[in-house]
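Below is one structure, written out as structure tokens; comments come after it.
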Amino acid sequence: MFGAIEAGGTKFVCAVGSSPDALKTVSIPTRTPAETLERVADFYKPHLGSLQGIGIGSFGPVDLDCKSSTYGYITSTPKPDWGHTALLASLREKLNDETLPLAFDTDVNAAALGEAMHGAAQGLDNFVYFTVGTGVGGGVIANSQFIHGGMHTELGHILLPKHPDDKYQGHCPYHADRCFEGLACGPAISERWACSSNDLPPDHPAWELQAWYMGAALCSVVCSFAPQRVIFGGGVMQMEGLLQKVRHAFAQHFQGYMQYAALNNLETFIVAPALENHSGIVGAWELIRRQVSNL
Ligand code: ZN
């Protein structure tokens, strides 16, 4: 039996189970680290005797370098109270268990793994998983491995051209209106149009502009990683017809520059997650299962 945590800025989804199809889950609102992790630990304590480990996919940035003194930390997040939080060490302390295996990665890498094992990327060695919601993040699988590098990738902060008609000043505290998240996360859409993004109808010009930015981001990602597929999840992607607009915008921006088999059919190249909003928790479960099994 494994535990899985999808650690998000608004909620921590905690799950436990012996198969990703049969997870018992709870959702805990994200408050201060101490308060939140106390409740997370309380969920797992009754299972500690049978639990083989817990996999955690976290919002970030996070430190994934196990040789680093801040391994397992959430590092430079602008989220109040959560900057430089020792997530793994605090959880371990609250569980009062020194030896339980813990696996740790970003929320988007976990979601990518979930889709690789059980969803829309099964059988693919190279793909990208994006989430577009409160923030924008992207996880890259290259040659069947996460790209960890010096740390993890941060595809939500790749710089984008600004649409000539867009006067919005941007939402990113680091890059304002110059990066993907600053221009195209859910709060950016709501601020730009002074209307909750959930209330903008499918034919509102907001969505053409949104697709224009997403298509531009996709050009950079395709040129950088030559993925076989790109999956777009997250709350913003619930908007009817948006994925199709992104396919059109990508084709417009890209101008057919690279040619390889996966790009021949944009319907299968740019897709929604097959696990819908469970990619992250299923992936966190797989993170620890694979670590414990030495896969
Ligand atoms: Zn940014």
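The values are calculated or read from the model by the stated rules, or taken from the named source; none is laboratory data. Since we're looking at a predicted model, the values are computed, not measured. Here Cβ is always computed from backbone atoms with ideal geometry, including for glycine, and neighbour counts include all displayed protein chains. Quick note on the areas: whole protein, heavy atoms, side chains included, nothing else; ligands and nucleic acids left out. Shrake-Rupley method; radii C 1.70, N 1.55, O 1.52, S 1.80 Å.
Couple of notes before you dig in:
- Filtering the range 116-131 to residues that are β-branched (Val, Ile, Thr) and open to solvent by 10 Å² or more (accessible area, probe 1.4 Å) leaves only THR131.
- Residue in the range 238-257 that is under 19 Å from the mean Cα position of the chain (by Cα), among the aliphatic types (A, V, I, L, M) and within 16 Å of the ligand (Cβ to nearest atom) present: no
- Options TYR168, TYR129: the member that is in a loop (DSSP other than H, G, I, E, B), aromatic (Phe, Trp, Tyr) and in contact (Cβ under 8 Å) with a residue 12 or more places away in the chain: TYR168
- Residues that are of a type in the set (Ser, Thr, Tyr) and over 16 Å from the mean Cα position of the chain (by Cα), drawn from the range 122-149: SER144
- Tabulated pairs, the range 34-54, first more than 16 Å from ALA86 (Cα to Cα), second of a type in the set (Asp, Glu), C-beta under 8 angstrom, 6+ apart or interchain: LEU48/ASP97
- In summary, ILE189 fulfils each of the numbered conditions (1) closer than 30 Å to LEU295 by Cα; (2) modelled with pLDDT of 95 or more; (3) of a type in the set (Val, Ile, Thr) with the single exception of condition (1).
- Count of residues meeting criterion [of a type in the set (Phe, Trp, Tyr), within 11 Å of the ligand (Cβ to nearest atom) and open to solvent by less than 50 Å² (accessible area, probe 1.4 Å)] in the range 132-182: 1
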